[in-house]
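The values are calculated or read from the model by the stated rules, or taken from the named source; none is laboratory data. Bear in mind the structure is a predicted one, so any value in this text is a computation, not a measurement. Note that each Cβ is placed from the backbone with ideal geometry, even for glycine, and that neighbours are counted across all protein chains shown. Surface areas here come from the heavy atoms of the whole protein model, side chains and all, with no ligands, DNA or RNA. Shrake-Rupley method; radii C 1.70, N 1.55, O 1.52, S 1.80 Å.
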Amino acid sequence: MRYLLIEDNPKLAGAVVERLQLDGHAVDHADRLDAASACMDVADYDLILLDIMLPDGDGREFLQHQRRAEKRTPVIVITARSAVSDRISLLDLGADDYITKPFDFAELEARCRAVLRRQGGAADNQKMFNGTILNLTKGELQVGDSSTNLRNRELRLLEVFFAAPGQVFSKSHLIDRMFSFSDEASENAIEVYVARLRKRLEGSGAKIETVRGLGYRMIAT
């Protein structure tokens, strides 16, 4: 998943970015609304974490603008306001969830997973394709009776393929899904991760196929 964190507190932002990156997510950080808008002009995000009080404006107005523009990227609002009326207002403006400061990182991660499950129409953290199971919570790939632990970026890349079997993904698209602006990434890196996943999938009902000149897709074997 690729996240956009909009938060002006550098200590909190650094801690959130570090925690999400440890889970294998690509995270871009903006400390102002204009910087956030610039990020959204050039990248697609799976989830936005949005603070309310920012140096150049109110996060609620940013959220309202996104929804009026019919942009449906899920948004979790980070707020210090705990009053019921404030939480109701955020949800009515189009927030998918909220979390109040101070918060536990495990709760933030759980809320992110829950919002992304709802967005994808999934009831749990498992995805299945042709008898092959990907457990997103445990970071495991199950092939038959055996399970393999995946590294973080292997997990996130495989998640892309499991979410849309048969769809062709270009290397540039996969780079965009897996790496943030601050990461050094290349098409060679994607090739390395795909090669690793092909070994993980040996003996399963799934295969990552190269579509010459276009990219990769996951197909049934």
Q. Looking at the stretch 138-147, which of its residues are closer than 18 Å to residue 23 by Cβ, open to solvent by less than 70 Å² (accessible area, probe 1.4 Å) and not aliphatic (A, V, I, L, M)?
A. 139, 140
Q: Could you figure out which of (1) touching a Leu at 6+ places or on another chain (Cβ under 7 Å); (2) part of a loop (DSSP other than H, G, I, E, B) isn't true of residue 102?
A: (1)
(Q) Kindly evaluate residue 6 against the criterion of being among the β-branched types (Val, Ile, Thr), modelled with pLDDT of 90 or more and either surrounded by 20 or more Cβ atoms within 10 Å (Cβ to Cβ) or more than 18 Å from the chain's Cα centre (by Cα) (or both). (A) yes
Q) Looking only at residues in the stretch 142-166 that are closer than 12 Å to residue 197 by Cβ and of a type in the set (D, E, K, R), which one is farthest from the chain's Cα centre (by Cα)? A) 151
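Return yes when residue 99 is open to solvent by 40 Å² or more (accessible area, probe 1.4 Å) and without any contact (Cβ under 8 Å) to a residue 24 or more places away in the chain and no when it is not.
no
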**Q.** Matching entry among 51, 41, 92 (being exposed (fewer than 15 other Cβ atoms within 10 Å of the Cβ), more than 15 Å from the chain's Cα centre (by Cα) and within 20 Å of residue 111 (Cα to Cα))
**A.** 92
Q.
For the stretch 39-60, give me each residue that is touching a residue at least 12 places away in the same chain (Cβ under 8 Å) and of a type in the set (D, E, K, R).
A. 44, 46, 51, 56, 60
Q | Filtered residue count, the stretch 122-137, keeping only those that are modelled with pLDDT under 85, open to solvent by 60 Å² or more (accessible area, probe 1.4 Å) and either closer than 16 Å to residue 111 by Cα or assigned to a loop (DSSP other than H, G, I, E, B) (or both) | A | 3
Q.
Between 41, 34, 28, 8, which is of a type in the set (Asp, Glu) and in contact with a Cys (Cβ under 9 Å, 6 or more places away or on another chain)?
A. 28
Q: Find all pairs meeting these conditions: Cβ atoms under 6 angstrom apart; at least six residues apart or on different chains; first residue within the stretch 72-87 and closer than 14 Å to residue 116 by Cα and in a loop (DSSP other than H, G, I, E, B); second residue open to solvent by 10 Å² or more (accessible area, probe 1.4 Å) and not β-branched (Val, Ile, Thr).
A: 73/45; 74/96; 74/119
Q.
Which numbered condition in (1) open to solvent by less than 60 Å² (accessible area, probe 1.4 Å); (2) outside any strand (DSSP E or B); (3) touching a residue at least 60 places away in the same chain (Cβ under 8 Å) is the only one that residue 153 fails?
A. (1)
Q: Scan the stretch 159-206 residue by residue and report those that are open to solvent by 20 Å² or more (accessible area, probe 1.4 Å), within 25 Å of residue 38 (Cβ to Cβ) and touching a residue at least 60 places away in the same chain (Cβ under 8 Å).
A: 176, 177, 181, 182, 183
**Q.** Unmet requirement for residue 36, which otherwise passes all of (1) more than 13 Å from the chain's Cα centre (by Cα); (2) buried (at least 20 other Cβ atoms within 10 Å of the Cβ); (3) touching a residue at least 40 places away in the same chain (Cβ under 8 Å); (4) not in a strand (DSSP E or B)
**A.** (3)
(Q) Looking only at the stretch 63-78, how many residues end up being in contact with a Leu (Cβ under 7 Å, 6 or more places away or on another chain) and open to solvent by less than 20 Å² (accessible area, probe 1.4 Å)? (A) 6
